Each structure stands twice: as structure tokens, then as C-alpha cells.
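Student: First the structure, which I've put down as C-alpha cells, then a few questions once you've had a look.
The values are calculated or read from the model by the stated rules, or taken from the named source; none is laboratory data. Everything numeric in this text was worked out from a predicted model, so none of it was measured. Quick reminder, even Gly has a Cβ in these numbers, built from the backbone with ideal geometry, and neighbours come from all protein chains shown. What goes into the accessible areas is simple: the full protein's heavy atoms, side chains included, and nothing from ligands, DNA or RNA. Shrake-Rupley method; radii C 1.70, N 1.55, O 1.52, S 1.80 Å.
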Amino acid sequence: MNLYQKIVQVRQVAEGFSKDTKGYGYSYVSGNQVLSKIKDKMNELNLLLLPSTQVGEHHTHAYKTAKGKDALDFVVKGEMSYTWINGDNPEEREIVTWAYYGQQDEISKAYGSALTYSERYYLLKSLGLPTDEDDPDAKNSKGNEAPKDTPKQPPSSLKAKWKLLNNDSLEGFDDWVVKQTQKKWSYSDMEQVLTNKLQEKTSKEEKANA
């Protein structure tokens, strides 16, 4: 069985995920849920997935909390890659370029959460696995999507990603959030969109500097 056939086998064994963890005002798919569903199959197939990170950048982000208190977060970002390796034929491998972004009140926590978030969504996207958009529990008795819990104030991580995309400016941020909220998007949905745009921006910059 070649590398790609093994990856397909992993994809077939994994089912749809539901957002089982809450934090910072929104729900998300936990890394444990993702890994627990594919780990045994990867071991059975002798399939490895190895991350590799490069030294990235970091800066501080000062802001006021919803209660008006001063707060300071560390924002980290950098380039990384994931490599699929066929353990039965180690020379057969597939390298995928990726990126990481994180924000926390301690720089080590920011880096750790960035890697965790990156791994989780890399696996979801690379294996083409759905999350709770297909979960019947996410719909009400009439078949319509149930309202998503959205905190009153956008999380600081959402603002940080906007600033990374807009030369450290929050201009247009409030209007954009209002428009997405009218579309019934949660803050986690918005953050995923900005994360994707950051990855596209990083990719374009890499090509321009090549």
C-alpha cells in the first residue's frame, strides 16, 4: 500500500466531528477528539505525520477587556510544515507547507496553542473531514441551524488576526464583524476565515521572496 492509499484509509476510518470544547466564548473541535479517531489506524498502517516549525515572529498586543481592565497578550506567528511518511518505505513522503498563529497572555502558551490549533485544523482540512455543520444536534426540530452562541465582544485573538492582515490597524473591523454576525457567523467562524487569509498571505509572500 503506497502513502496516498494509507492516507485514504485514515480518512475513511474517521467520521464527522462535533465541536466538543469551549473556550474564549466559542466552541471548537478538540485536538484529542481528532487524534483519538485516527491514531490507531495510523499505527496499524505504519503511517507517520511529523510537524516541523521554523523560528517565527512575535509581538505584544495591549487592549482592554470587556470589563475595562488593561491586558497584554503575546501574538506569535511562523511558518511550519507537516510531513506524511510511509513507515514501510520511509523515502515515500509528502511535505505540506503550513503556518501557525497564536495569542495568549504568556508567550509559551501562545506558541503552544498555535501549534495545537494548527495541528487540529490541518488534520480536518487535509483529510476533508466535516465538523458540526453536518451534526444533527446543531439543528433545531424544524431542520434549521440552531443559533450559535456569540459573546458580546469579539475575542482579542480575532482582533489580532485582523491587525496582522491590515498593517496593525483595526480600521473596518467593527463593520466587518457586524456583517458576518448578520450572516449568523460565530466568532470562531470569523477567526477561521481570517486564519485562512493569513495563510494565503504568507504563501504569497513566500512566492514573492523566492
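Student: State whether one or more residues within the range 62-81 are open to solvent by 20 Å² or more (accessible area, probe 1.4 Å), without any contact (Cβ under 8 Å) to a residue 40 or more places away in the chain, more than 30 Å from Gln153 (Cβ to Cβ) and assigned to a loop (DSSP other than H, G, I, E, B).
Tutor: Within the range 62-81 (the criterion being open to solvent by 20 Å² or more (accessible area, probe 1.4 Å), without any contact (Cβ under 8 Å) to a residue 40 or more places away in the chain, more than 30 Å from Gln153 (Cβ to Cβ) and assigned to a loop (DSSP other than H, G, I, E, B)), the answer is no, since none of the residues qualifies.
Student: If we keep just the residues of the range 161-210 that are of a type in the set (Val, Ile, Thr) and farther than 21 Å from His58 by Cβ, which is surrounded by the fewest Cβ atoms within 10 Å (Cβ to Cβ)? Don't jump to the end; show me each part of the working.
Tutor: Applying the first criterion (of a type in the set (Val, Ile, Thr)) to the range 161-210 yields 177-178, 181, 193, 195, 202.
Still in the running and farther than 21 Å from His58 by Cβ: 177-178, 181, 193.
Numbers: Val177: 19, Val178: 9, Thr181: 16, Val193: 15.
My answer is Val178.
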